[in-house]
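These notes are about the structure you will find just below.
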Amino acid sequence: MRDLQVEMIDRFGLLPEPVKNLFRQASLRLQLIQMGIEKLEANNNGLRVEFSSQTQVDPFALVKLIQQYPTRYKLEEGKRLVIKEELEDTEARFEAVAELLQKLK
């Protein structure tokens, strides 16, 4: 991914913000796949994460996270994590996703 980004910069110059965001999104998707996360949605109200049946996320880490912050994190149907947080812009959403993935590793 990094090589492709460098190649694009070499050919076309500095990348516009939407293209940078596309690379960030693709990088996050690769992490999600490795962790066994099927779906991740980010909007103004927070995040919604859906785990696959073969997820690599430690269930004890997930339970600990929910117990520490019960008003912020909620587990639905045993496979969907909902995070309530105001995420007004794209940068805040990227940061929230990166922080969550770090906590779940």
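The values are calculated or read from the model by the stated rules, or taken from the named source; none is laboratory data. No experiment lies behind these values; they were computed from the predicted model shown. Using ideal geometry, Cβ is built from the backbone for each residue, glycine included, and neighbour counts are taken over all protein chains shown.
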### Task
Consider Lys84 carefully, then state whether it is in contact with a Gly (Cβ under 8 Å, 6 or more places away or on another chain) and more than 14 Å from Lys105 (Cβ to Cβ).
yes
### Task
Could you pull out the residue among Val49, Val82, Val63 that is more than 26 Å from Pro18 (Cβ to Cβ), of a type in the set (Val, Ile, Thr) and modelled with pLDDT of 95 or more?
Val82
#### Entry: Residue count, region 1-13 (criterion: within 26 Å of Ala96 (Cβ to Cβ), of a type outside the set (Lys, Arg) and loosely packed, with under 12 Cβ neighbours inside 10 Å)
2
### Message
Against the conditions (1) over 28 Å from Val6 (Cα atoms); (2) touching a residue at least 12 places away in the same chain (Cβ under 8 Å); (3) of a type in the set (Val, Ile, Thr), where does Val97 fall short? Just the number, please.
### Response
(1)
